Amino acid sequence: MAELPTGDMMATPRTLRGALPRFETPLVPRNSISGRALIAVVAIMTFLASLTSGAVVLIGGAANEWQSDVAREVTIQIVPAPGRDLDAAVDKAATAARAFPGIGGVRAYSKEESSKLLEPWLGNGLKLDELPVPRLIVVKIASSAAPDIPQLRRLLAEQVPGATLDDHRGWIDRMRAMAGTAVAAGVTIMLLVIAATMLSVTFATRGAMATNKPVIEVLHFVGAKNGFIAGRFQRHFLLLGLQGGAIGGGAALVLFALAGIISGWFAGTAGGEQTAALFGSFSIGFTGYIAVLGQVVLIALVTAVTSRHTVNRTLDTID
């Protein structure tokens, strides 16, 4: 008669079954070479897009400041001529401008101040005494006022021979055109970045599906819905997009912060003043930071949606 197994021997199969390891391999590998390459691509794209957005914010802010300043000022210029008392002509033009309705302030530049305005272009070692450097009078328009500029121009022409009035309207139109061109270029670059990101994600998704094709086919044929499989890829590529976007966007923010610090070091110099006049303090402000963070989220969403769309299209061919 066969000997019955003891209690220990009967418990052995149950114990072995409990000791079997559970393999939870993800459908999409997390640390694959293609995944790291995609993170690098997304980081580069986000960095370029962030630089473009920051540049657009800087140029747009500077252009608005230029337009605001230039629109509220006009300039009277008096050119030296033989037999002309330049100082008397400047005083007479300034007096006429102060008495004109709608004018808030008048400042006449001295000969030394007018010459100093040329130093950034001509240097400070030149003697300009023998050159016909014009004298400038800056006229500020009062708030909420709309003076009759053509009438002021005619008045100056009658009372002060050789005086000309420039209302800077041509400069304002050029500034608006420049700002519009910068915004259009930024939008174009952003669209190109999104298109390149979509192509990269599409190829990376197809590569991941090709690598895991046997597993995907088994899941598909045993009843797993397309949404289940696509959701795994979408979650995977969303995380990759967030990682790459954070790296690229963070690098761009660090670069703008460094540019602001460096511009502060050169404040007060001729080059620093000219740069500040053109681009401000290189601070993109709250709007710029929100734009960069929004681009990080946008790139991540584009990555996830593109991956899901690619998976669904590929799974439709298996049906």
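Laboratory data are not the source of any read-out in this text; all were calculated from the coordinates shown. Treat the numbers as computed from the prediction; the structure is a model and nothing was measured. Here the Cβ positions follow ideal geometry from the backbone for every residue, glycine too, while neighbour counts run over all protein chains shown.
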* Could you pull the Cα extents of segment 175-229 along its three principal axes, largest to smallest, in whole Å? => 64, 19, 7
* How big is the charge dipole of segment 134-228 about its Cα centre, in debye rounded to the nearest 20, if each Lys and Arg gets +1 on its Cβ and each Asp and Glu gets -1 on its Cβ? -> 180
* Structure fact -> Binned at 5 Å from zero, the C-alpha pair distances of segment 136-241 give percents of 2, 8, 10, 11, 8, 6, 6, 5, 5, 5, 5, 5, 5, 5, 5, 4, 3, 1, 1, 0
* Structure fact -> Pseudo-spin-label distance A99 to R235, built 7 Å along Cα→Cβ, given in nm, is 8.3
* **Mean Cβ count within 10 Å, highest first, over the residues of peptides 58-64, 112-118, 298-304, 247-253** => 298-304, 247-253, 58-64, 112-118
